[in-house]
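Have a look at the structure below before the remarks.
The values are calculated or read from the model by the stated rules, or taken from the named source; none is laboratory data. Note that the structure is predicted; figures quoted are calculated from it, not measured. Glycine also receives a Cβ, built like all others from the backbone with ideal geometry; neighbour counts cover every protein chain displayed.
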Amino acid sequence: MPDATKLVPVERIENRILLIRGCKVLLDRDLAELYEVPTKRLNEQVKRNLERFPEDFMFQLDRHEQRELVANCDRFARLKHSTTLPYAFTEHGAIMAASVLNSPRAVEASIFVVRAFVRLRQMLVSHEELSRRLARIEKKLTEHDEDILAIVTLIRELTTPPPPQKRRRIGFQAGNDKEEARSRAR
């Protein structure tokens, strides 16, 4: 096996993996760079072996996707004036591309490509688990918030003094004797 320092680290491959059409893919130029072949040679070999590349292994970007890619990523500036549309390879397509290139470097690099895709998949799974846990915590907090609000309401009711009751005045009151006598008689 060649010197490990000559191979591309998995983190660098991960940075080149893009999400296009809902799939994690590597573009032909990035894959060719990893396999140390010209992009033209990679695409030639792919075209010679198209039966090995169904749509879930590889697809060609359309003009809109190409423009969006150029606008969002500086490293694709050279694609702006390219007449050919780039190909996007899924994990399986990247492995298949290594097999059609049939070079030792492509085989070695494909192992690192697979590891990068697997690592991203594991990160996604752990992210989904984290999301589920956060949702459960949020639900519990919502329930607790409702309970706390009910407790606070009860405490306010208990601490708020009742309104003063209308009391009858004690002692002699001038001018109210007739009314008072009537109210007693009733």
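Descriptive notes on the structure:
- Counted residues, the stretch 18-71 - those being in a helix (DSSP H, G or I) and among the small types (Gly, Ala, Ser): 2
- Residue match in the stretch 10-18 (condition: of a type in the set (Asp, Glu), closer than 20 Å to VAL113 by Cα and at pLDDT below 85): yes
- Enumeration of residues in the stretch 129-165 that are within 20 Å of the chain's Cα centre (by Cα) and of a type in the set (A, V, I, L, M, F, W, C): LEU130, LEU134, ALA135, ILE137
- Condition check for SER110: at pLDDT below 75 and within 30 Å of GLU36 (Cβ to Cβ): yes
- Taken together, the residues in the stretch 18-42 that are free of Cβ contacts under 8 Å to residues at least 40 places away in the same chain, more than 25 Å from the chain's Cα centre (by Cα) and crowded, with 17+ Cβ neighbours inside 10 Å amount to 3.
- One residue alone among ARG105, ARG133, ARG115, ARG75 is touching a Phe, Trp or Tyr at 6+ places or on another chain (Cβ under 8 Å) and either exposed (fewer than 15 other Cβ atoms within 10 Å of the Cβ) or in a helix (DSSP H, G or I) (or both), and that residue is ARG105.
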